Amino acid sequence: NAGVMQNPRHLVRRRGQEARLRCSPMKGHSHVYWYRQLPEEGLKFMVYLQKENIIDESGMPKERFSAEFPKEGPSILRIQQVVRGDSAAYFCASSRLAGEQYFGPGTRLTVT
Amino acid sequence: KNEVEQSPQNLTAQEGEFITINCSYSVGISALHWLQQHPGGGIVSLFMLSSGKKKHGRLIATINIQEKHSSLHITASHPRDSAVYICAAREGSYNTDKLIFGTGTRLQVFP
């Protein structure tokens, strides 16, 4: 049973470009969470999604960031017009309803 | 707003020592997670607990709901236990299920 998959593992973008980060949850998991870890800082919640629904986006920056979890396919975290401050590790986790969250390996975004 | 505090921030130990990491949180939660993050950055879920005690190998996690406190213990520590240990409070409710993270405890175990 494959774990949570994220791709790409490393992503380099120039300022102003768009970044798309993908997360495939574990089989049987319909809940996805995105977390961000800035350099030398702790993990912070960004958004919680179920299939086709955003449940809690209280941790998402108000502009440039969006997330989706379509009926088919992976969850996508999209960052438009990236800035240097977006450089971070982005982790997704998945779970069953109220179950333990399992983390993916993360995507390390570098904005040059 | 839930605050999650961990102590100590840094911990060094000799191989074989018994280690305790503490975590306290400020409001009610549905569960508490203990996570391990290795230098390569990957995150492994060690425990999710909502009451009592859980044990897995040399790791033991306890939680006291009334005191809003949890501890992670490592018995017979080994250099491969060197990592950052993170506790996370789960705010499970009808409109969210997010984790609020502590700042982590960096553990180094020397041979």
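Looking at A:Ile55, is it open to solvent by less than 40 Å² (accessible area, probe 1.4 Å) and out of contact with any helix residue (DSSP H, G or I) (no Cβ under 8 Å at 6 or more places or on another chain)?
Here the answer is no, as A:Ile55 does not meet what is asked.
How do the strands (runs of 3 or more DSSP E) wholly within segment A:6-112 filter down when requiring 3 or more residues that are closer than 21 Å to B:His38 by Cα: which remain?
In segment A:6-112, A:31-37, A:43-50, A:88-95, A:107-111 are the strands (runs of 3 or more DSSP E) which contain 3 or more residues that are closer than 21 Å to B:His38 by Cα.
Being more than 13 Å from the chain's Cα centre (by Cα), more than 24 Å from B:Gly42 (Cα to Cα), more than 14 Å from chain B (Cβ to nearest Cβ) and not aromatic (Phe, Trp, Tyr) narrows it down to one residue among A:Arg84, A:Arg64; which is it?
The conditions single out A:Arg64.
Of all residues being of a type outside the set (Ser, Thr, Tyr) and at pLDDT below 95 in segment A:86-102, which is least open to solvent (accessible area, probe 1.4 Å)? Just the residue, please.
That would be A:Gln101.
Taking the criterion of being open to solvent by 50 Å² or more (accessible area, probe 1.4 Å), within 14 Å of chain B (Cβ to nearest Cβ), farther than 26 Å from B:Ala89 by Cα and at pLDDT 95 or above, would at least one residue in segment A:14-21 satisfy it?
The answer is no; no qualifying residue exists.
Tell me the strands (runs of 3 or more DSSP E) entirely within segment B:1-64 that contain at least 1 residues that are within 11 Å of B:Thr105 (Cα to Cα).
Fully inside segment B:1-64 and qualifying: B:4-7, B:10-14, B:19-25, B:31-37.
The values are calculated or read from the model by the stated rules, or taken from the named source; none is laboratory data. It should be emphasised that the depicted structure is a prediction, and the values quoted were computed from it without experimental measurement. A quick note on method: Cβ atoms are made from the backbone with ideal geometry, for glycine too, and the neighbour counts reach across all protein chains shown. Surface accessibility is based on the protein's heavy atoms, side chains included, excluding ligands, DNA and RNA. Shrake-Rupley method; radii C 1.70, N 1.55, O 1.52, S 1.80 Å.
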